[in-house]
């Protein structure tokens, strides 16, 4: 029997698996530029999430085996682990995952019933609570072997994980690691250091090219993973295209108006979590708009919020807050863009 109303026949488990596979290029890019700490955070996040999931399912008297088979908790862990700095202390990672799994997911009823993206809830909690830690991204020491990099990163994450000194408004030093700002941090720093020629020219400029290159490669890697998801029809093109189009259009207009006050489209597209948002986070079928027109509106809302927060707030990136605010608008968007059901011609 044919069911023309069914969009595709992928099971939840297969969808989650393919999304994780699509994340691999971005994960390896982050490992290349930031070291083994990225992989440690991802595997530690999976472990903690599984423990929390099993505990909550036991409390709710649910069939643990059936719920774990969909691997949704693993995908949430991967997206959360790849979003946080590679040397974030383990207890902060655990706090973020508690809010992601317990609060954002199970307190709303579990998979398919949450209104906020769980990974972004955990990330936002950490960004608000521990902003200094969440804005430290260590550069990989290529002189270290894989084993020494692992040993050093694990020691910082699980043992010596306190920030003891802050050398300046630009550099935050974690013991045994050099940390640096993202391109989005650099833009905000330069806007506050226009009168300090030495800091602007000799500190920021010397680092900016290599930093931009690393984040550009990371975003391109996630973009390639997103193309894979589009090709396999795991996600719909409407959300990423509308999000990137609205962000690009706003950034082009404002950058043309003032190159000193506003970021260029290139900075917006290839910095921070733009591409992982476009293809992996905003496209979450549970927390995104349901119909075709609503998906376009939903993507435009995220793009507009990202542009606003990046340009006018003190936070270096805006992905988590933009997605969560857009999640709140989904019921309203769905209500005003709803269709009459199967048989209607949608765009």
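Summary table below
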quantity	calculated
Contact order normalised by residue count of the stretch 208-347, Cα under 8 Å, 6+ apart, percent	28 percent
Mean Cα-pair separation over length for the stretch 70-170, i.e. relative contact order, pairs under 8 Å, 6 or more apart, %	35 percent
Exposure proxy ranking, count of Cβ atoms within 10 Å, fewest first, for 324, 126, 68	68, 324, 126
Relative contact order of the stretch 7-180, defined on C-alpha pairs under 8 angstrom at six or more residues apart (%)	24 percent
Label-point separation in nm, residue 132 to residue 159, each point 7 Å along Cα→Cβ	2.3 nm
Inter-label distance for residue 55 and residue 312, nm, one decimal - labels placed 7 Å from Cα along Cα-to-Cβ	4.1 nm
Distance between the stretch 254-314 and the stretch 58-79 - C-alpha centres, whole angstrom	30 Å
Order of 106, 268 - criterion: other Cβ atoms within 10 Å of each residue's Cβ, fewest first	106, 268
For the stretch 7-180: span of alpha carbons on each principal axis (Å, largest first)	50, 30, 27
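Rule-based calculations on the coordinates, nothing more; no lab input. None of these values were measured; they are calculated from a predicted model. So basically every Cβ, Gly included, is an ideal-geometry build from the backbone, and we count neighbours across all protein chains shown.
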